[in-house]
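Each remark here refers to the structure printed beneath this line.
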Amino acid sequence: MEYLDFSSVITTIRKYISDAHNMNQLDLMYDLFVSFLSDEKSLDFTFDNGLVCRWFNGQAKISPRITGYYMDLHNRNRLAADMHRNVLSVMYDSAMAVQEVYNILVQDTTISDKTKEQLLQNYPCESKMDEAVFLTSALCFGMERNFVKRDTNTKNLLSSGNLSPVVKDFIYDGGVPKPCRHFCGRDAELIALHQLLCENGKVFLQGIAGIGKSELAKAYAKTHSKEYTNILYLSYTGDLKQDISDMDFADDLPDDDSEERFRKHNRFLRTLKEDTLFIIDNFNTTATQDGLLSVVMKYRCRILFTTRSSFNNYTSMNLEEIADTDALVNLMGCFYSEAEKNRPVLEQIIQAVHSHTLAVEMSARLLESGIMEPLLLLKKLKEEKAALGATDTIGISKDGKSRKATYYDHIHTLFSLYQLSDAETDIMRNLALAPLSGVQNRLFANWLKLRDMNTVNDLIEKGFIKAMEGRMIALHPMMQEVTMEETRPSVQTCHILLDSLQQICLRHGEEVSYYKQLFQTIESVIVQIENDDMPVHLRFLEDVFPYIENYHYYQGMELVLDTLSAMLKDVAVGSVSDRALLLSYQAAYEKKADKAIKMQKDAIAMIQQVTADNALLVSNLYANLGGMYRVNGKLELAKENMEQAIRIMDEYGLAYYHDSIVQITNYAVLLTDMGQPDVGLSALRKLCRVIREYNYDTGLDYASVQEAMGGICLTMGEIQQATSHFQKAMEIYEMVFEFEPDMIEAKKQELLGTYAQAGLYLGKKMLE
């Protein structure tokens, strides 16, 4: 049956966009909804690649924030104008798109004749603007109508047993970035690489930083895309197991920890066969440093690694400098308008930078900027070479990464010649801490409190920052290393970034779509940043741990604990409270229950006297201990410690803190488990009054309390009252997670499951 919804309309539109414009799903979203994104109320809104994919595939309802914005007639007219200006202008046959949407509309038996008549007011279309208005009307109708999830046939494999399943039905990310528009000079290497992959299945593409390994891998994927059923892409971050765990699979559940996600993902990846290509980019490590390599090498699919390291025990291909001078001059011509006019000097510049691809590009961009003339640049590069007083092939090994010193020297020289402004330097310094796989440009701007993207765009134009698909930005790995050395990120110089990350983590319980980028950036901060403000750095680590723990992100938890432990070994650093908090965090990470309980009790014992300064901490320590006892079935001990926590909260006037809300909610659930639901319900009603008085009744705290009250009412047989509480909770969840439809659906299923567990199957009817 034909069904007119957002998915059917947007996919039809995208089908008729010219390939020449290289517009992916995210690009289309940004161009189509530009008015919404420009609105002051939407400045915090960013698109998540996986979620957008679900919108297109009909697996999730488009964000209510977008739908609500365009329900206003004025804004809908703006959408039609944006459709006309930004979308129809890049379509090769907009009239056919209109015809297809028309056919879907008239064949949709679920739409009344009256509604169809309204939607067809501008059909047949006599102008491009009429087409834009018609498509806009259909799109908005599709956004506003009741959402019906589409069947993606995830269990249907290709008929041949020798082929892999189609991974787009299972994995929401993993698409290969397109190679840069100026890729050239590697025809022979593409042929050789294909032959090696066909013969051996697994190939390590080795070469120095900035030589073009990643671009060659992307170009190979594009060239041979029709020969593979699937092509997956993964940007290595330092832990292959964690990277595979972080892939976005369709059957991932919110409560899955890293280990469970890895088991699922690894099990699926093992089913892929030779018709699948798996690219693992920037695998700059060794076989001994990443033990999962031996597991991945047993996959049946073809795998292409790009790496700076040496893997001579495996099939490898060394990527050298581009030998064709003409190709490199042409490359410079892509960035420097007077390349041909200055060809003799450019050839000398190419020779001076040893034909290094990244250095050649940066040189061309520098010349185009007008900062200096070709002869002066050549002179500077020759002065640098003379100053080195060394051979051109000085071998250096650092952290398992093989490189040539002179190439880094070239990039350092070119970096300094640009004479970046303070604002540009600051952006580079902070972006060097972001993951190499990239971060959304609007998100990064929000982290740094940037007023606009002008400075970022200037750095993209100069070639310092890579602009990638989906409005993502990143630094080239080599540029990242040079930036780290040139700008020396520290706690003080990156205080805005650290504060932004810290504040996100302090929004207890708030889910974010970009948690992978968030955690990878936090890890980079911990490992890379210079600690020139110990108290601030200490507080940063203490505040991010609970949020990382909520996601069961064990790698990040371990890193924070190790760093805190090392810092607090110095008796001059921190206080008794800091050490007690560390011990509590270690208890939370401990897998053995008895040991964890002992550690938590030891943490409490470290605080000899409760004061106004440490009351919140001590209260949380008792509450955490009570939670451990409850999990282990020791309910009386759990009750004793939870009540002690609440007494401290009351004594020091901390009832309005988020921590007290969590404590009292857990206490009420415990009382219910112990056969005292009325007492627990009474405690929660009192808590609701506190939340309304000190905080607000539209946040997640209030929703969680309403949900807990609903659960207790069910156990008491008060079905109508339970439903009322659950409905209040759902109203808040729908508002808070308005651009996370998967979260809304998960919360709804969670509440419905509560009914089922209570044996009350009328829940679904009551919630609807």
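Every number in this text was worked out from the coordinates using simple rules, so none of it is lab data. Everything numeric in this text was worked out from a predicted model, so none of it was measured. Every residue, glycine as well, gets a Cβ built from its backbone with ideal geometry; the counts of neighbours run over all protein chains shown.
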Amide H neighbours of K202 under 5 Å, at least 5 residues apart or on other chains, H built in the peptide plane: list them.
I303
List the extent of the Cα atoms of the chain along each of their three principal axes, largest first, rounded to whole Å.
88, 78, 53
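Neighbouring Cβ atoms within 10 Å as the yardstick, rank E651, E100 fewest first.
Ranking E651, E100 by Cβ neighbours within 10 Å, fewest first, gives E651, E100.
Compute the signed sum of charges (Lys and Arg +1, Asp and Glu -1) over the other residues within less than 9 Å, Cβ to Cβ, of L105. Could you put the intermediate results ahead of the total?
Values: positive: K116; negative: E2, D108.
It works out to a net charge of -1.
Would you compute, from DSSP H runs of 4+ residues alone, the mean residue ellipticity of the chain at 222 nm, taking -39500 (n - 2.57) per run and dividing by the full residue count, rounded to the nearest 500? Can you show the working numbers first?
Working: 37 runs with 441 residues, N = 768.
Only helices count here, giving -18000 deg cm²/dmol.
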Return T307, T315, T46 ranked ascending by Cβ neighbour count within 10 Å, so the fewest neighbours appear first.
T315, T46, T307
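Just how large is the dipole of the range 1-158 about the Cα centre, in debye to the nearest 20, putting +1 at every Lys and Arg Cβ and -1 at every Asp and Glu Cβ?
That gives the range 1-158 a dipole magnitude of about 400 debye.
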Under 5 Å between amide hydrogens, which residues at least 5 positions from A434 or on another chain qualify, with H placed 1.01 Å from N in the peptide plane?
none
I'd like the Karplus ³J(HN,Hα) series for the range 719-725: coefficients 6.51, -1.76, 1.60, θ = phi - 60°, whole numbers in Hz, and an x wherever there's a Gly or Pro.
5, 4, 5, 4, 4, 4, 5
When the convex hull of its Cα atoms is projected in every direction, mean area for the range 167-318 (nm²):
8.9 nm²
Sorted largest first, the C-alpha extents of the range 161-214 along its principal axes in whole angstrom are 37, 27, 18
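In debye, nearest 20: dipole of the chain around its Cα centre with unit charges on the Cβ of K, R (+) and D, E (-)?
Roughly 1180 debye, rounded to the nearest 20.
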Phi-based couplings in Hz for the range 518-523 (Karplus 6.51, -1.76, 1.60; Gly and Pro marked x):
4, 5, 5, 5, 4, 4
Output needed: percent of Cα pairs per 5 Å distance bin for the range 6-144, bins running from 0 to the one holding the longest distance.
2, 10, 21, 24, 23, 14, 6, 1
Charge context of L443, other residues only, Cβ under 14 angstrom, K/R +1, D/E -1:
+2
Calculated Rg and Dmax of the range 521-601 using C-alpha coordinates, Å
12.6, 39
Likely footprinting exposure, I646, I661, fewest C-beta neighbours within 10 Å first
I646, I661
Rounded if a/c is under 1.5, else prolate if a/b beats b/c, else oblate: with a ≥ b ≥ c from the C-alpha gyration tensor eigenvalues square-rooted, which is the range 463-526?
oblate
Once the principal axes of the Cα atoms of the range 420-487 are found, what is the range along each, listed largest first in whole angstroms?
26, 25, 21
